[in-house]
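One structure is given below, encoded as structure tokens.
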Amino acid sequence: MLILTVNGKEHRVEVAPDTPLLWVLREQLRLTGTKYGCGQGLCGACTVQIDGRAERSCQIAAKDAAGKQIVTIEGLAADHPLKTAWIAEEVPQCGWCQPGQIMQAADLLSRNKKPTDADIDGAMSGNLCRCGTYPRIRRAIRRAAGGEGRTP
Amino acid sequence: MNGPVDLARRGFLKTGASLGAGLVIAFCLPLGGRAARAAEASGANPLPGIEPNAWLRIAPSGQVTILVAKSEMGQGVYTSMPMLIAEELEADWSRIRVEAAPVAPVYNHLIFGMQATGGSTSVATSWEQLRTVGAAARLMLVAAAAQQWQVPVSECLAEQGEVRHPPSGRRLGYGELAPTAENLPVPTPIRLKDPKDFRLIGRPLPRLDTPEKVDGSGRFGLDVTLPRMLTAVVARAPVFGGRVKSVQAEKARATPGVRVVAEVPTGVAVAADDFWTALKGREALAIEWDEGAGALLSSDGLRLRFAELAQQPGAVARRDGTPEEALAGAPRRLEAEYEVPFLAHATMEPLNCVVDLREEACDVWTGTQFQTADRDAAAAAAGLKPEQVRVHTMLLGGGFGRRANPHSDFVREAVQVAKAVKAPVKVVWTREDDMRGGYYRPLWYDRLAAGLDAAGRPVAWTHRIVGQSIMDGTLFASSIKNGIDPTSVEGAADLPYAIPNVMVELHSPKLAVPVQWWRSVGHSHTGFVVESFLDELASAAGEDPFFFRRRLLAGHPRHLGVLELAAKRAGWGEPLPKGQGRGIAVHASFGSFVAQVAEASVATDGRIRVHRVVCAVDCGRVVNPDTVKAQMEGGIVFGLSAALFGAVTLADGRVQQGNFDDYPILRIDETPQIEVHIVESTEKPTGVGEPGVPPIAAAVGNAVFAATGLRLRRLPMTREEVGAAKKTV
């Protein structure tokens, strides 16, 4: 049995300890906002925050996440500037990658309050979107950072 | 929107089957039978499916639930379809919610004759149908109010979800009127609004599905869970057409948490308590495969075979004038060969399907573009009648054509697994399963020749296309006429340029590789080939590629409209930073016209960088301009992935790619600045989901040519391709 702290709540789960955190979140805890896209840490759809940093939950064994603070898209405040900005900029198309994009962007903004476009591109380049919402992701992050942010 | 799917959907289906009986709180217009027949008899509404009962429900609170028959895969139908109904209904947009429609004939696609989403046709085919539905419901609500107030209908008006009687100042909400309205006859004829009176259509309304996609609550197929459900993965043959020869399953069965290991027609299924356990169980299998002829396939071999075929005459798709003679007599001749590879759809949500199979019923939850076909396939696999199967359409984590499979591959297989497992089951495809599962955009090989007269005007154009038919062997095979699958030559046989002698021919070799439509279908290949070769002609004629196109498109005002708009907004002809080139392409597909100007450069290591893309689109009347822009942006990014990186290759019958490391798609730091401009139009609305894709590869290739003089005739335009092109200069 493992004890995981997710979105501020403790959960006891019975899983093989090497099960990736992603599947524990999705299957045991029914937090399906965290998405499976590649299983190899290549697409970012499964991004969550662990102790305040964006991590690929498909690459972390559940046992290694025990005792840490895990935050998923469901745990990000409803009025979080990124969620508001994502809605204002009409970012999502199919929507599958968006929770991961937002969790990655939250990591960026927690360390860099006024990212330039280059900062955004650098921080977000591991999060894939097949629908091509990248131009709007840039705009939404700039908006969440409190402005147009149209710096080079 | 996708809340408690199971109960809500089942509840609706029950009442839906009896058309109204039992829908106590719902607004259930009795249009299905009597009124529809009356409408048909009067000839007022010749479109099928004008049954408001099937499309909308009004709760006592006034909330309007619109059932959408089209699948939401990112293209915005969960907003555009409700907009069509709400416009004529005079609904309060803030009180609209959406639900996925069940499978029923009323929801059939008006062209395809089955419930389906594809071909960039949702708005085009729903444009009159759904506005008529909204108008019918509004007329009945107004009639109900007039009856209650004992006033003439002509004194009442509908607005923002209520009916008002201005002379007396009385008003009633739709929620209050619905119970009366549902017992009224449907007035005919139903007149639709003058477009100048539109309140919703034409406005960039926020998408209704955005909030649930931002907070993680939106429910996709992979998010469905049922009580007692097992999760399964399937070990499929390593080559197409392969079959299980023998299997050793003891170790898999001994894996803790694995519940069932069973052979199914596509391979060996391993069902377990959770996904990770199922995967471990699958890894423990030892399977010997009978690989068959599929093991002989290789991309290199196919290219050689296709190149040989391209030397021989094919089935004629178009013949104008005397192309052979004109070509032979032309003072200047050009020849070129173009190639594009197999491509995977690579939707971000890998394929998956949940099945609950019982004695006399079967429920299927999945993201599908092909509800009717999937229901029928599920029924056949389950040994049930189609009406015993219910398909619950979930949000699709991308479709791009993959989830419109004429063979219902992922649904049929899931039912077969459910049969073997004897429990509710979710079949999950890993990314690698999905990438190697076939149904690719075909590999194409094209041979072109053209003749220019002494003044540089093209006098002959011959185009020979070699590649698999996607329609062959499907329920759409009857569209193949005289050896021509129309989707193989679309965008080529309808070459719009004023060239007096034209020939387009086709070879359709049969291969074991499953192929299918992939966003923009045949245009995904012909847009690149035609617009690149035309650029070669412009260059040979010594003319600017924009002016060259403009002259040859004189009789095509909508092509010209987008071409000129894109060129103008891009600043065509203005200087660019050193090393950058500008390329232009224009292509019509799915009824729409798109031109794109790309600015690109090539780094010293051969990597292509696209800096900016300016896009102009004419898709007729626009329902939601922000959706049109989003679809153009998305089409450009999708097309750039194919132009720069995308290739599925075969060696010894095995697909050599498996995940995003060897099948890269465009990343945010590789994404150019994209500007989209929409041509104002009063023409009927046409497609936007696909038409943004076809021109982009050519626009980029033409920009590379402008920047470097290198002509890239093979996709993807990798560093290696750039290097190879340098050697041939």
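Only the coordinates and a few stated rules stand behind these numbers; no lab work does. Nothing here was measured: the structure is a model prediction, and the numbers come from that model. Virtual Cβ from ideal backbone geometry, glycine too; neighbours counted across all protein chains shown.
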Subject >> Projected area, mean over directions - region B:467-616, Cα convex hull, nm² >> reply: 11.3 nm²
Original post:
Where a Cα-Cα gap under 30 Å defines reach, which lysines qualify for B:LYS726, not counting those fewer than 8 residues away within the same chain?
Top reply: B:LYS578
Original post:
Can you list the aspartates and glutamates whose alpha carbon sits under 14 Å from that of B:LYS213, skipping same-chain ones fewer than 8 residues off?
Top reply: A:GLU74, A:GLU89, A:GLU90, B:GLU72, B:ASP223, B:GLU349
Original post:
What's the tally of Lys pairs in region A:1-121 whose alpha-carbon atoms lie under 29 angstrom apart, where the two lysines are 8 or more places apart or on different chains?
Top reply: 15
Subject >> Residue-count net charge about B:LYS251 - beta-carbon cut-off 14 Å; Lys, Arg +1, Asp, Glu -1 >> reply: +1
Original post:
Whats the longest run of chain B with zero trypsin sites (Lys or Arg not before Pro) that are DSSP loop and have at most 10 other Cβ atoms within 10 Å?
Top reply: B:229-509
**OP:** Report the Stokes-Einstein translational diffusion coefficient (µm² s⁻¹, integer) for chain A, Rh taken as the Kirkwood radius over Cα pairs, at 4 °C with viscosity 1.567 mPa s.
**Re:** 84 µm²/s
Original post:
Please report, for the Cα atoms of region B:449-542, the Rg to one decimal and the Dmax as a whole number; what are they, in angstrom?
Top reply: 15.1, 49
Original post:
Which net charge results for the neighbourhood of B:GLY639, defined as the other residues with beta-carbon distances under 14 angstrom from its beta-carbon, given Lys and Arg at +1 and Asp and Glu at -1?
Top reply: -1
**OP:** Let me see the pair-distance distribution of region B:373-493: every alpha carbon pair, 5 Å bin width, integer percents in order.
**Re:** 2, 8, 13, 17, 14, 13, 10, 7, 5, 4, 3, 2, 1, 1, 0
Original post:
So if R0 is 22 Å, what FRET efficiency would B:ARG253 and B:GLU288 give, r being the distance between their Cβ atoms, rounded to the nearest 0.05?
Top reply: 0.80
Subject >> Spread of Cα-to-Cα distances over 20 Å intervals beginning at zero, given as percent, for chain B >> reply: 17, 45, 31, 7, 0
Original post:
Mind listing P(r) for region A:88-146? All alpha-carbon pairs, 5 Å bins, whole percents.
Top reply: 4, 21, 36, 26, 11, 2
Subject >> Calculated from backbone phi, Karplus (6.51, -1.76, 1.60) coupling profile of region B:448-455 in Hz, x at Gly/Pro >> reply: 10, 9, 8, x, 10, 7, 4, 8
Original post:
How large is ³J(HN,Hα) for each residue in region B:580-589, as worked out from phi by the Karplus curve 6.51 cos²θ - 1.76 cosθ + 1.60 (θ = phi - 60°), to whole Hz, x for Gly and Pro?
Top reply: 9, x, 10, x, 10, 8, 9, 8, 9, 7
**OP:** Can you check what the net charge comes to around B:THR79, using other residues whose Cβ is under 13 Å from the Cβ of B:THR79 (Lys, Arg +1; Asp, Glu -1)?
**Re:** -1
Original post:
What are the lysines whose alpha-carbon lies under 26 Å from the alpha-carbon of B:LYS481, with same-chain residues fewer than 8 places away excluded?
Top reply: B:LYS510
**OP:** State log₁₀ I(q)/I(0) for region B:156-259 at q = 0.11, 0.19, 0.24 Å⁻¹ as given by the Debye formula over alpha-carbon point scatterers of equal weight, solvent excluded.
**Re:** -0.75, -1.22, -1.30
Original post:
Of all DSSP beta bridges located in chain B, what percent are antiparallel, nearest 5?
Top reply: 75 percent
**OP:** Could you compute the FRET efficiency for B:VAL729 and B:GLU432, with r as their C-beta to C-beta distance and R0 at 35 Å, rounded to 0.05?
**Re:** 0.35
Original post:
Considering amide H positions built from the backbone, and no H for Pro or chain starts, which residues 5 or more places from B:LEU56, or on another chain, come under 5 Å of its amide H?
Top reply: B:LEU67
**OP:** Would you please state which residues of region A:130-148 a label at A:LYS113 would reach in this model, taking the label point 7 Å out along Cα→Cβ and a backbone N cut-off of under 15 Å?
**Re:** A:144-147
Subject >> Per-pair calculated FRET efficiency, R0 = 45 Å: B:LEU226 and B:LEU157 via Cβ, rounded to 0.05 >> reply: 0.40
**OP:** Let me have the 222 nm mean residue ellipticity of chain A computed from DSSP H runs of 4+ only, each contributing -39500 (n - 2.57), with the sum over all residues rounded to the nearest 500.
**Re:** -8500 deg cm²/dmol
**OP:** For region B:97-195, list log₁₀ I(q)/I(0) at each q in 0.16, 0.21 Å⁻¹, using the Debye formula over Cα point scatterers of equal strength and ignoring solvent, two decimals each.
**Re:** -0.79, -1.07
Original post:
Where a ≥ b ≥ c are the square roots of the eigenvalues of the C-alpha gyration tensor, would you call the protein assembly as shown rounded, which needs a/c under 1.5, or, failing that, prolate if a/b is larger than b/c, or oblate?
Top reply: rounded
**OP:** Mean Kyte-Doolittle of at least -1.0 plus a Cα span of 20 Å or more along the axis: flag which DSSP H helices in chain B meet both, please.
**Re:** B:122-149, B:523-541, B:625-644, B:694-708
Original post:
Summing -39500 (n - 2.57) over the DSSP H runs of n ≥ 4 in chain B and dividing by its residue number, what mean residue ellipticity at 222 nm do you reach, to the nearest 500 deg cm²/dmol?
Top reply: -9500 deg cm²/dmol
Subject >> Longest to shortest principal axis, alpha-carbon extents of region B:263-399, angstrom >> reply: 72, 39, 28
Original post:
To the nearest whole percent, what portion of all C-alpha pairs in region A:48-91 is separated by more than 11 angstrom?
Top reply: 71 percent
